[in-house]
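The values are calculated or read from the model by the stated rules, or taken from the named source; none is laboratory data. Every value quoted in this text rests on a predicted model; they were computed, and no experiment measured them. In this analysis, Cβ positions are derived from the backbone assuming ideal geometry, glycine residues included, and neighbour counts consider all displayed protein chains. What goes into the accessible areas is simple: the full protein's heavy atoms, side chains included, and nothing from ligands, DNA or RNA. Shrake-Rupley method; radii C 1.70, N 1.55, O 1.52, S 1.80 Å.
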Amino acid sequence: MAGLPRNTIIQENVMGVVSRMPQKRGHPGSGKKKTRGQPKGRQVNPSALSEVRTLVGSETRRDLLIEYLHLVQDKYGCLSPDHIAALASLMGLAQTEVYEVATFYAHFDVLSEGDAPPPAVTIRVCDSIACQLAGAESLLAELEAGRGDDVRVLRAPCMGRCEQAPVAEVGHNHVCGADSATLLATAAERHVHPDMPGYRDLDGYQADGGYRLLSACLAGERKPEEIIETLNQSSLQGLGGAGFPTGRKWGIVRGFPGPRLMAVNGDEGEPGTFKDRVYLESDPHRFIEGALIAAWVVGVEKCFIYIRDEYPAIIKLLKAELDKVRAAGLADHVVVEVRRGAGAYICGEESSMIESIEGKRGLPRNRPPYVAEVGVFGRPTLVNNVETLYWVRDIVEKGADWFSGAGAHGRKGWRSYSVSGRVKKPGMVLAPAGTTVNELIDKYCGGMLDGHVFKGYLPGGASGGILPASLGDVPLDFGTLQEYGCFIGSAAVVIFSDQDNMKDVALNLMRFFEDESCGQCTPCRVGTEKSVTLMEKPKWDTDLLEELVTVMTDASICGLGQAAGNPVSSVLKYFKEDL
């Protein structure tokens with residue numbers, strides 16, 4: 001042995017030791033390979049595999065995972081462990097990957113082993129701020145007391161119908177101005193499918209000159225640079241909340257090498273916001289033409305239209321009208337897909353939406369790189385809000401001055417204000433940019449409700465902060481509210497009166513943020529939870545709350561955590577009498 005290499009001596013010594021050890025069945029030294037009765041993990045149920053294959057087909061795409069989950073949920077009312085295992089098998093994914101995506105989104109009922117399926121009908125009651133003002137808590141209590149065993153009642157975040165509060169869903173059918181008797185009767189009828197709104201279809205839109213601009217672009221009668229310059233001169237900004245100049249964004253994305261993609265953000269989940277819904281339910285082709293023009297100008301190969309799951313009728317009508325547009329040869333230059341959200345407010349953030357489009361959890365991305373350069377599938381991506389694209393045709397046809405000259409109080413453009421709360425005529429108000437809240441209340445919304453005195457308002461939804469009535473003459477536009485610790489965002493204006501306690505308002509908003517935090521970063525995940533705990537106490541620990549707000553604002557990854565503390569700061573600054 002002395003003449004053998006060192007590793008050979010060690011090997012022989014080890015082998016010798018092993019050979020002298022007591023032999024046990026299955027031990028490596030026994031010469032017999034240990035076997036299992038079955039492979040590791042949950043086994044795929046052949047029946048479930050057949051059911052899922054029938055729904056999704058034999059060929060699958062990774063980015064369509066959420067769409068496939070919707071198909072199973074719609075068919076069976078839930079996602080069982082067997083169906084998740086079957087879908088994972090068909091897609092060649094780990095079951096944990098499918099499970100983590102399914103459990104991220106609120107609208108998927110994911111069952112654990114041994115769980116019973118949910119009741120036949122689910123009633124979801126919105127408990128966001130406008131519906132809370134309209135009696136959502138009483139409605140929830142009445143429904144819980146009056147429901148049968150075949151009905152379940154759940155709380156739900158804003159459904160985008162704040163002007164018709166309180167709002168509930170029976171299945172996927174909205175009931176506005178809801179009362180418990182109507183909801184329970186609707187549940188008994190199993191009316192779970194969305195009612196289609198009355199809207200202007202392709203024929204009606206073309207009869208009014210629709211798609212002439214797009215046709216001129218496709219025929220080479222217009223130049224991309226010309227369209228971009230018109231948008232720049234119009235001062236059109238991103239109307240989803242960020243306010244980035246639209247023409248400039250188009251030019252930036254167009255400057256990156258292709259292939260380029262496009263994502264339309266129709267996930268208006270900000271409590272108090274419903275303007276996109278109004279435009280899509282009434283005149284969807286004005287938006288579609290704007291999107292198709294943007295795709296032509298920027299030179300994108302594929303466009304994803306991401307619509308929140310709370311708008312099922314809009315998803316249905318968009319798919320139907322896009323089929324007509326394709327048949328008319330108006331979309332030959334770009335592939336368009338409608339994607340369905342699944343109940344995640346965070347997906348209103350552009351990088352989270354892109355993650356969801358790719359079939360993943362909607363976790364915000366760190367920046368840089370920005371999505372204009374590295375977006376969907378890592379490609380340069382144009383992201384625009386629904387309303388931003390809605391204005392493109394009018395601006396180009398009527399001229400930049402038509403839009404920019406419409407402002408008030410020194411501002412430029414038109415704004416679509418979603419107004420709800422303690423006013424007589426809540427609704428979507430089209431008004432000059434810079435219109436004040438006092439003007440919205442008195443000129444457009446019929447004044448305050450009888451017996452109510454104007455006390456304060458949200459200028460930009462849940463995340464935009466709260467302002468007192470004494471600041472009711474501040475122009476509502478991008479850049480006008482920062483000095484007061486607020487911002488306009490998507491122009492969701494909720495009106496409060498002397499009958500509302502601002503501590504209760506801020507608590508409602510913080511509970512929303514706590515529930516909707518994606519959980520990726522500690523400042524937001526823990527900060528919102530701890531803030532709710534502190535705010536539920538009769539007396540606020542203001543020093544600790546201010547510290548939490550500072551941490552969330554400075555250290556959170558995305559705008560959700562960064563803005564979650566704005567309502568708290570506003571109450572501490574402007575409504576000390578309510579503390």
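In table form, for the structure just shown:
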quantity	calculated
Placed amide H near Gly421: partners under 5 Å, 5+ positions off or other chain	Ile495
Folded to 0 to 90 degrees: helix 284-298 orientation relative to the chain principal axis, Cα	70 degrees
Where N is the number of residues in the range 291-333, Cα Rg divided by 2.2 N^0.38 Å	1.26
Accessible area (Å², per residue) of the range 514-579, counting only protein heavy atoms and a probe of 1.4 Å	49 Å²
Approximate shape of the range 369-512 as ellipsoid semi-axes (Cα gyration tensor, √5λ), whole Å, largest first	30, 21, 13
Highest to lowest packing among 51-60, 161-170, scored as the average C-beta count within 10 Å	161-170, 51-60
Relative contact order, percent, the range 394-487 [alpha-carbon distance under 8 Å, six or more residues apart]	21 percent
Difference of contour (0.36 nm per residue) and Cα-Cα distance, Asp149 to Ala207	15.7 nm
Pairwise centroid distance, computed over Cα atoms, of the range 133-148 with the range 466-522, Å	26 Å
Label point 7 Å beyond Cα of Ser215 along Cβ direction - residues of the range 269-298 with amide nitrogen under 15 Å	289
For the chain: span of alpha carbons on each principal axis (Å, largest first)	99, 66, 56
The range 324-426: radius of gyration and largest Cα-Cα distance (Dmax), Å	18.0, 48
Residue-by-residue Karplus 3J(HN,Hα) for the range 314-324, coefficients 6.51, -1.76, 1.60, Hz, glycine and proline x	5, 4, 5, 5, 5, 4, 5, 6, 5, 4, 5
Largest-first ellipsoid semi-axes for the range 407-453, taking √(5λ) over the Cα gyration tensor eigenvalues, angstrom	21, 10, 6
Range of Cα positions in the range 96-211 per principal axis (Å), largest first	57, 39, 29
Accessible area of the range 261-374 belonging to carbon and sulfur atoms, whole % at 1.4 Å probe	52 percent
Contact order relative to length of the chain, as percent, for alpha carbon pairs under 8 angstrom and 6 or more apart	12 percent
Between the range 177-213 and the range 426-443, the Cα center-to-center distance that results, in Å	26 Å
Ranking by accessible area, most exposed first, for Lys425, Lys275 with a 1.4 Å probe	Lys425, Lys275
Global form of the range 477-571, assessed from the alpha-carbon gyration tensor, a/c cut-off 1.5	oblate
For the chain, calculated [θ]222 nm from helices alone, where every DSSP H run of n ≥ 4 adds -39500 (n - 2.57)	-12000 deg cm²/dmol
Residue-level accessible surface for Leu87, protein heavy atoms, 1.4 Å, Å²	0 Å²
For the range 34-174: rounded, prolate or oblate by the Cα gyration tensor [a/c cutoff 1.5]	prolate
The range 434-514: translational diffusion in µm²/s, Stokes-Einstein, Kirkwood Rh over Cα pairs, 37 °C, 0.692 mPa s	255 µm²/s
Inter-centroid distance (Cα atoms) of the range 300-315 relative to the range 384-423, Å	22 Å
Gyration tensor verdict on the range 212-259 (Cα atoms; rounded if a/c is under 1.5, prolate if a/b is larger than b/c, oblate otherwise)	oblate
Portion, in percent, of the accessible area of the range 513-558 that falls on carbon or sulfur, probe 1.4 Å	48 percent
Relative contact order (%) - the range 434-579, alpha-carbon pairs under 8 angstrom, separation at least six	25 percent
Long-range HN-HN contacts of Val338 with modeled amide H, under 5 Å	Ile305
Per residue, in Å², the accessible surface of the range 142-184 once ligands and nucleic acids are set aside, probe 1.4 Å	39 Å²
Descending Cα extents along the principal axes, the range 536-579, whole Å	32, 17, 15
Accessible-area ranking of Asp109, Asp450, largest first, probe 1.4 Å	Asp450, Asp109
Table column - 3J(HN,Hα) (Hz), the range 118-129, Karplus curve with 6.51, -1.76, 1.60, x for Gly and Pro	x, x, 4, 10, 10, 9, 9, 10, 5, 10, 6, 4
The range 231-240 - phi-based ³J(HN,Hα) in whole Hz, Karplus 6.51/-1.76/1.60, Gly and Pro as x	5, 4, 5, 6, 6, 5, 10, x, 9, x
